[in-house]
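Structure record follows, encoded as structure tokens.
What follows is calculated from the coordinates using simple rules that are stated; it is not laboratory data. Since we're looking at a predicted model, the values are computed, not measured. All Cβ positions, even for glycine, are placed from backbone atoms using ideal geometry, and neighbour counts span all protein chains on display.
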Amino acid sequence: MSEDVRRMFANIAGKYDLLNDVLSLGIHHSWRRKAVRESGAGEAMSVLDCACGTGDLSFEFKGKVGESGNVIGTDFCEPMLELAREKAKEKKTDVKFEFADVMNLQYEDNKFDISSISFGIRNVDDPRKGLQEMARVLKPGGKVVVIEFGQPKGFFSLIYKIYSKTIIPLIGKILSKSDFAYDYLPKTASKFPCREDFLGIMNSTGLLTNCRYYTLSFGIAFLYIGERK
Ligand SMILES: C[S@@+](CC[C@H](N)C(=O)[O-])C[C@H]1O[C@@H](n2cnc3c(N)ncnc32)[C@H](O)[C@@H]1O
């Protein structure tokens, strides 16, 4: 499973940023800004951004923790990391990008103030194990920050269902040239636990407290934050 996921992201890496912007009409940037705001990130903090892809959330955190802060972006897909490193060069920022599987992080306990993952946790074979690892590397009181797709409720849910079952796969296929990646992405999003169900997974790690969520754009996505016990 994780080998298939890695291969799929390697195939679409070059078109990933373009597709994010097109398919979300640029809204994903405002979700990332909200995540950083609500995380309480501040000057000189250290952040581990897991499954960072091309690094957009890592760069957003760097803007907040400043020169004296430290951000490491990690992913298990080298083509994604390469693009993130190129972007870091362009932006002249010292965000580091390292290879890591979120289910088996190479970092010591109590190292970071914040660990984050955006649109990555639903691709991880065992999300609970991934969250446990993200919590393990935090200092007590540190924050786990997750952005993930979910299922909107109410009037908007039908519109979004049609959009995600027709437009996303079609535009995704045309732009990424992948036959299945943009089928897979909305399909997994339509089933992935959200709201209280996801909080249940966070709580089941036994390492997090005060877990809460914020609804983003009517429930297309959610921001989850928990604190390291
Ligand atoms: C949808 S992309 C999200 C990328 C980025 N975080 C963003 O917000 O745009 C999912 C990323 O998760 C990575 N990924 C999936 N499973 C992983 C794992 N077990 N460990 C590390 N990265 C993983 C993939 O390689 C891919 O880059």
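Taking K and R as +1 and D and E as -1, what net charge do the other residues with C-beta under 15 Å from the C-beta of R228 add up to?
Once positives and negatives cancel, what remains is +1.
Using alpha carbons only, how many angstrom separate the centre of region 1-75 from the centre of region 176-229?
15 Å
Would you please put 101-108, 131-138 in order of how densely packed they are, using the mean number of other Cβ atoms within 10 angstrom per residue and starting with the highest?
In descending order of packing, they fall as 131-138, 101-108.
Where both partners of a DSSP beta bridge lie in the chain, what percent of those bridges are antiparallel, to the nearest 5?
Approximately 45 percent, going by the DSSP bridge assignments.
Of K15/K177; K129/K229; K34/K161, which ones are farther than 19 Å apart at the Cα?
K34/K161
Would you kindly compute the Cα radius of gyration of region 73-229 and its largest Cα-Cα separation (Dmax), both in Å?
16.8, 46
Using a cut-off of under 19 Å, list every residue of region 28-54 whose amide N is near the label point 7 Å from the Cα of D94 along the Cα-to-beta-carbon line.
Backbone N within reach: 42-49.
Within region 53-79, which residues have the backbone N less than 19 Å from the label spot 7 Å out from K139 along Cα→beta-carbon, could you tell me?
Those under the cut-off are 61-73.
Please find the FRET efficiency linking L18 to E38, where r is the Cβ-Cβ separation and R0 is fixed at 25 Å, and quote it to the nearest 0.05.
0.35
Note down the nm distance, to one decimal, between modelled labels 7 Å out along Cα→Cβ at L25 and at D125.
3.9 nm
Among the aspartates and glutamates, select those whose C-alpha is under 12 Å from the C-alpha of K173, and discard any that sit fewer than 8 residues away in the same chain.
Within the straight-line limit of under 12 Å, K173 reaches these aspartates and glutamates: D183.
Filter the chain for me: DSSP H helices, axial length by Cα at least 15 angstrom, mean Kyte-Doolittle hydropathy not below -0.5. List them by residue number.
Passing helices, by number: 2-24.
At 0.36 nm per residue, minus the direct Cα-Cα distance, what do N104 and I159 gain on full extension? Give it in nm, one decimal, please.
That works out to 16.0 nm of additional length.
Taking 0.36 nm per residue of sequence separation and subtracting the Cα-Cα distance, how much length would be gained by fully extending the chain between K187 and E67, in nm to one decimal?
This chain segment gains 39.2 nm when fully extended.
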